[in-house]
Amino acid sequence: MKVFLLLLLLYFPLNSKVAEDHQVDVTLSYESGYISKNLYINGKKEAVYKSKKKKPIRLTKVEKDMQNIFFEQLKYLESWGVIIKYPEVIFEDLCIISDILSNYDKSEIQSFIQTKGDCKTINILKINKYYTYINARVDYVLTLTIVIEKGLLKEFRYEYMPDFSDETVIYRCQYKYDNYGRIIYITTLGKEKNEIRITYASLR
């Protein structure tokens, strides 16, 4: 019995360590031919592969601070039962979704929800809020629609005015998942259609 317990104690810490150190290369392939490759540890982006360098470059302190804010915001979306694996593959989309949802009480959000079977749609009108992106682009967001099916974010669309213009654009993004609940295809529909393919390669 003592030997059995000792084996259990040795087994579980060892496997916990393996889980903690799980590393995955996540590659985003764009229609234009551009490829973005990042190293993830425990589902979080930890480093970026740049140019032809074989070793990825670790995130800077500023990037880590932004990442921490991102995951804090993401908790509000998760409180609705939406769990996204490797969420940073749709970093900008989730920043907007989480920030807008966090401006409302849950009781208010309930009034925006329409449910049909396993599909839940959240429609928020009259947002009227500016969002500035890392590339300095500015969107004035007017409305937001989120489609959730079986706990997965399936579609996100919003109406906005880009870069202080008078033009109104509808941005729509659809997500496809693999059997592990990871996003493998992103289709964006706005001024033009774009597709992004995502692959995951486990290193350990």
**OP:** Kindly provide the helix-only [θ] at 222 nm of the chain, computed as the sum of -39,500 (n - 2.57) over DSSP H runs of four or more divided by all residues, to the nearest 500 deg cm²/dmol?
**Re:** -8500 deg cm²/dmol
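Return a whole-number percent for the relative contact order of the chain, with Cα pairs under 8 Å and 6 or more residues apart as the contact set. Display every interim value, and only then the final one.
Values: 330 pairs, mean separation 36.8, N = 204.
Value for the chain: 18 percent.
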Subject >> Net charge contributed by nearby residues that have their C-beta within less than 11 Å of residue 177 (K/R +1, D/E -1) >> reply: +3
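At 1.4 Å probe radius, can you tell me the per residue accessible area of the chain in Å²? Intermediate values should be presented prior to the final figure.
On the way: 12860 Å² over 204 residues.
About 63 Å² of surface per residue is accessible.
Order of 182-194, 115-127, 94-106 by packing, highest average Cβ count within 10 Å first?
Numbers: 182-194: 14.5, 115-127: 12.9, 94-106: 16.6.
Descending packing order for the listed peptides: 94-106, 182-194, 115-127.
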Original post:
What part of the accessible area of region 47-204, given as a whole %, is carbon or sulfur when the probe is 1.4 angstrom?
Top reply: 51 percent
Original post:
Which cross-chain or sequence-distant (5 or more) residues have an amide H under 5 Å from the amide H of residue 177, H modelled 1.01 Å from N in plane?
Top reply: 184
Subject >> Simple Cβ-charge dipole of the chain, Lys/Arg +1 and Asp/Glu -1, about Cα centre, in debye nearest 20 >> reply: 980 debye
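The values are calculated or read from the model by the stated rules, or taken from the named source; none is laboratory data. These numbers were taken from a predicted model, which means no experiment stands behind them. Quick reminder, even Gly has a Cβ in these numbers, built from the backbone with ideal geometry, and neighbours come from all protein chains shown. Heavy atoms of the whole protein, side chains included, go into the accessibility calculation; ligands, DNA and RNA do not. Shrake-Rupley method; radii C 1.70, N 1.55, O 1.52, S 1.80 Å.
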